[in-house]
1. Say whether the condition of being part of a loop (DSSP other than H, G, I, E, B), touching a strand residue (DSSP E or B) at 6+ places or on another chain (Cβ under 9 Å) and crowded, with 17+ Cβ neighbours inside 10 Å is met by at least one residue in the stretch 105-127.
2. Consider residue 96 against the criteria (1) in contact (Cβ under 8 Å) with a residue 40 or more places away in the chain; (2) under 23 Å from residue 254 (Cα atoms); (3) out of contact with any Phe, Trp or Tyr (no Cβ under 9 Å at 6 or more places or on another chain): it satisfies all of them except one. Which criterion is unmet?
3. Against the conditions (1) farther than 19 Å from residue 275 by Cβ; (2) under 18 Å from the mean Cα position of the chain (by Cα); (3) crowded, with 16+ Cβ neighbours inside 10 Å, where does residue 253 fall short? Just the number, please.
4. Output the residues belonging to the stretch 213-235 that are crowded, with 18+ Cβ neighbours inside 10 Å and out of contact with any Asp or Glu (no Cβ under 8 Å at 6 or more places or on another chain).
5. May I ask you to list the residues in the stretch 235-260 that are among the β-branched types (Val, Ile, Thr) and over 22 Å from residue 95 (Cβ atoms)?
6. Kindly evaluate residue 97 against the criterion of being surrounded by 22 or more Cβ atoms within 10 Å (Cβ to Cβ), part of a loop (DSSP other than H, G, I, E, B), in contact with a strand residue (DSSP E or B) (Cβ under 9 Å, 6 or more places away or on another chain) and modelled with pLDDT of 95 or more.
7. If you scan the stretch 166-187, which residues turn out to be surrounded by fewer than 16 Cβ atoms within 10 Å (Cβ to Cβ), over 15 Å from residue 249 (Cα atoms) and free of Cβ contacts under 8 Å to residues at least 60 places away in the same chain?
8. For the stretch 190-206, name all the residues that are loosely packed, with under 15 Cβ neighbours inside 10 Å and more than 14 Å from residue 248 (Cα to Cα).
Amino acid sequence: MLEKIAISGTEYPFRPIKEVYDMAETLGVKNLELWIPHNFKFDDLIIVGNELQVRDLRAICVSTWTQLNLPGDVKERQVLINQSIQAAKFLDAPIVNTYFGANPERIPKQAIDAYKKNIQPCLELAEKEGIIIVLENEFDVTGVDITRRAEYVLELVEEVNSPNFRLNFDPCNFYFAGEEPYPFAYILLKNYIEYIHIKDGTKYRPDFYEYPGDDFLWKDKSGDYICTNLGEGAISYHALFHQLKKDNYTGFIGIEPHVPPVRLQQTFSDSLKYLSEKLIK
C-alpha cells in the first residue's frame, strides 16, 4: 500500500511548491495532493508538470477550497473547479477534491438541490475528461454544513448520481463534527469512497495540551480540537485500517497532519511509520 500513500500540499499554503517536493523526497513518498492556488497557479501548470517529471513525483489529486453551497455567485468557484479538472487531466491525476460549504439560509434538502445544480457544469467537464470529483466531509463552527453528517453525505452523493462524483472520506473531520467516523460513517459511505484523508485529533483543553496557535486550533460548533500523531488521538484507525484491508480498498490515502510547522516533518514521518505498521503489513 505504500505506493498509494500521498502527502498533501495543504500543509504549505502559499509557500513555494518546492517545499512540498522536498518533503516528499525526504519522506520517500512519490504521490502528492496539490492545491490551486495554494501551491501553484493554473498558469504555471506546464512548469509544475516538468518539475514533477524531473523529480519522479506524481500528482494524484488536485484540490481547490471551493464550496458550492455558500451564499453568493458560484461562477468563480465553478471556474476554479474546472481549472482543477483541467490541471488533473494534464498532470495525469485521477481525482479533484472540493467541498460543500455552510449556508444557514438553506435547509438540507435545499442545500442538496442547490449543490446538485451548481456542480453540474463541473461534472460535465469531469465526465468528458475522465476525472472523478470527490467531495470532502467537513466540520464547521455554524453546524449547518450538511457534510458533517454521514447520512446527509449519502443522500447527496446518491442524488448527484454520477460515477464521476464520489467521496473523499476524512475520519478526523467527522470526529471534529461530532460524528462517529468508524464504524458508522465508514460503513454507511464505503461504497462511494474514492479517496481518504488521514490525520488524528483530540478535544482541546488548555490544561491538557499546549496551545497550538490560532491556525492550528480547529473549531467546530461542538468545541475546539487539535491534531495529534496518528494513533494518539480519538480516531479508531487501527480498526479502520483493518477494515480497509478486508474491503480491498485500492484508492489513495493522503496524509495531512494539520500541525504547526515545527512539528510537520516529524508528524509526516511518524504517520508513515504508523501506516507501515497498521495498514501496509
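The values are calculated or read from the model by the stated rules, or taken from the named source; none is laboratory data. None of these values were measured; they are calculated from a predicted model. Every residue, glycine as well, gets a Cβ built from its backbone with ideal geometry; the counts of neighbours run over all protein chains shown.
1. Step one: list which residues in the stretch 105-127 are part of a loop (DSSP other than H, G, I, E, B), which gives 105-107.
Subsequent filtering for residues that are touching a strand residue (DSSP E or B) at 6+ places or on another chain (Cβ under 9 Å) retains none.
So far as the stretch 105-127 goes, no, none of its residues is part of a loop (DSSP other than H, G, I, E, B), touching a strand residue (DSSP E or B) at 6+ places or on another chain (Cβ under 9 Å) and crowded, with 17+ Cβ neighbours inside 10 Å.
2. (1) is the only condition that residue 96 fails.
3. Failed condition: (1).
4. 225, 226, listed by residue number.
5. Restricting attention to the stretch 235-260, the residues satisfying the condition of being among the β-branched types (Val, Ile, Thr) are 235, 250, 253, 255, 259.
Result: 235, 259.
6. Numbers: surrounded by 22 or more Cβ atoms within 10 Å (Cβ to Cβ): yes; part of a loop (DSSP other than H, G, I, E, B): no; in contact with a strand residue (DSSP E or B) (Cβ under 9 Å, 6 or more places away or on another chain): yes; modelled with pLDDT of 95 or more: yes.
Taking the combined requirement at face value, the residue does not satisfy it.
7. 178, 180, 184, listed by residue number.
8. From the stretch 190-206, those loosely packed, with under 15 Cβ neighbours inside 10 Å are 191, 205-206; that's our starting set.
Listed by number, the residues that qualify are 205, 206.
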